[in-house]
Amino acid sequence: MCTKPGKALACALLALALGGCAAAAPTGARHRVAIVAKSTRTEFWLSVFAGAQAAAAEYNVELDISGPETEEDYETQNRMVAEAVDAGAEALVFSAIDYENNAAAIDAAAAAGVRIVAIDSNVDSAAVQTYIGTDNYAAGQMAAQAALDAVDGELTVGIVNYDISSANGQERERGARDLFEESGRAQVAARINTLAEAGRAQADTGELLRAHPDINVLLAFNEPTSVGAAAAVAAQDLSDAVFLVGFDSNLATVEGLQNGSVDALIVQNPYAMGYLGVESAYRLLSGQGGSLAPTVDTATSIVDLENLFTMDSQKALFAFEQRES
């Protein structure tokens, strides 16, 4: 398997990812920042938290991290937002499970004086002062283009998406659908929304493939759905018949690139989302928020078997993982 780059390389890469810009050095009392994530379980969110903790250490921020058990539980997210406000959070770094149903909790936090930074998946609130994450529409188009470039002739597409109320997943699907329609040679035969949990995604993808045996392209739009879709493709021995494009870096899907159950991965930069989210919160709290952009694109890259072992792909897949081996 791939070897993770060392911490020194990760720090150098982060400096490049952040464009060399840093907030002024912290002075005075520590600011209190809370992260309320969609989940605390996946590789994606662990990487977000690693970036957030690095920024918290650099800017002397007191950081609290929380998230629900599943990526569908927006009600628990709303409760966690209220709890963070009650605990004295001055800024909130938030990724919305539900674009609309999380909005009232965010508005209430802002009304209490909390500064709001959105990462990964935005929320329908004017209180958000900056959004940091992937250009999800463009990422969806990248996934569709990977399939169009690799598969000859007509494409019969299956889409495996997660919560229908999550803004980033819907934007990815919209981008992919628009490009497929523009191509004139691709048709979406079926789509499902499944739980952001690998086992459930595998079961639901398996049913999708059995119901539509003509599918020759499969898109899965986040880490758990990609892991589940890859397992379903492998279980039905369809690696040669179905071109699967997944999202995010996970040991299972990287292994899938090598055994053929996955053909391409759209890889985001969750570490940068976490780092920049906390850094932006610090800037807002220390009077440096005037320079914040309304939207910060943390960029994506595409990794397939041909470029898997190049330095650029290794950086995209593993560069910001800081856990001890």
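The values are calculated or read from the model by the stated rules, or taken from the named source; none is laboratory data. Here the structure is a predicted model, which means the values were calculated and not measured. In this analysis, Cβ positions are derived from the backbone assuming ideal geometry, glycine residues included, and neighbour counts consider all displayed protein chains. Just the protein is used for accessible areas: all its heavy atoms, side chains included, with ligands, DNA and RNA removed. Shrake-Rupley method; radii C 1.70, N 1.55, O 1.52, S 1.80 Å.
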Within the range 182-229, list the trypsin sites (Lys or Arg not before Pro) lying in a DSSP loop whose Cβ has at most 14 other Cβ atoms in a 10 Å radius. Arg185
Residue-ordered couplings for the range 301-313, obtained by feeding phi - 60° into the Karplus form 6.51 cos²θ - 1.76 cosθ + 1.60 and rounding to whole Hz (Gly and Pro as x), are 9, 10, 10, 9, 5, 5, 10, 3, 9, 6, 4, 4, 5
Between Ser183 and Ser291, Cβ-based FRET efficiency (R0 56 Å, step 0.05) works out to 0.90
Positive end of the dipole of the chain, charges at C-beta (+1 Lys, Arg; -1 Asp, Glu), about the Cα centre: which of Ile302, Phe221, Leu285 has its Cα farthest in that direction? Leu285
Of the options Asn161, Ala37, Ala150, report the single residue whose Cα projects farthest towards the positive end of the charge dipole of the chain (beta-carbon charges: Lys, Arg +1; Asp, Glu -1). Ala37
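Quick one: net charge of Gly133's neighbours, Cβ under 9 Å, K/R +1, D/E -1?
Working: positive: none; negative: Asp120, Asp135, Asp297.
Once all neighbours under 9 Å are counted, the net charge is -3.
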Could you check the spin-label model distance between Arg210 and Gln236? Points 7 Å from the Cα along Cα→Cβ, value in nm. 0.9 nm
What is the Rg over Rh value, at two decimals, for the chain, using alpha-carbon atoms and the Kirkwood definition of Rh? 0.98
Say a paramagnetic label sat at a point 7 Å from the Cα of Gln258, along Cα to Cβ; which residues of the range 204-236 have their backbone N under 18 Å from it? 227, 230-231, 234
Between Asp124 and Ala150, what FRET efficiency comes out of the Förster formula 1/(1 + (r/R0)^6) with R0 = 51 Å and r the beta carbon distance, rounded to 0.05? 0.90
Nothing charged except the Cβ atoms of Lys and Arg (+1) and of Asp and Glu (-1): what's the magnitude of the dipole of the range 89-244 about its Cα centre? Round to the nearest 20 debye. 120 debye
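Kindly rank 89-97, 56-64, 126-134 from highest to lowest mean number of other beta carbons found within 10 Å of each residue. Numbers along the way, then the final one.
Numbers: 89-97: 27.6, 56-64: 18.2, 126-134: 20.8.
The packing order, highest mean first, is 89-97, 126-134, 56-64.
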Under 5 Å from the placed amide H of Val296, counting only residues 5+ away or on other chains, we find Tyr131, Ile132, Gly133
Between Ala203 and Ala57, take the C-beta separation as r, use R0 = 30 Å, and let me know the FRET efficiency to the nearest 0.05. 0.15
Using modelled amide H (1.01 Å from N, peptide plane; none on Pro or chain starts), what sits under 5 Å from the amide H of Val188, excluding residues fewer than 5 places away? Val157
As a test of the formula, what do you get for the chain when each DSSP H run with n ≥ 4 contributes -39,500 (n - 2.57) and the sum is divided by the residue count, at 222 nm and rounded to the nearest 500 deg cm²/dmol? -13500 deg cm²/dmol
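Pulled fully out, how much extra length does the chain show between Thr40 and Ile164, if you take 0.36 nm times their separation in residues and subtract their Cα-Cα distance? Don't skip to the answer; put the middle values down first.
Values: separation 124, 0.36 × 124 = 44.64 nm, distance 2.01 nm.
Value of the extension gain: 42.6 nm.
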Report, to the nearest 10°, how far helix 136-150 tilts away from the longest principal axis of the Cα atoms in the chain, using its own Cα long axis and a range of 0 to 90°. 20 degrees
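Taking only protein heavy atoms into account and a 1.4 Å probe, give the accessible area per residue of the chain in Å². Walk me through the numbers on the way to the answer.
On the way: 13380 Å² over 325 residues.
Per residue, the chain has 41 Å² of solvent-accessible surface.
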Gyration tensor (alpha-carbon) shape descriptor, the range 182-294, a/c threshold 1.5: prolate
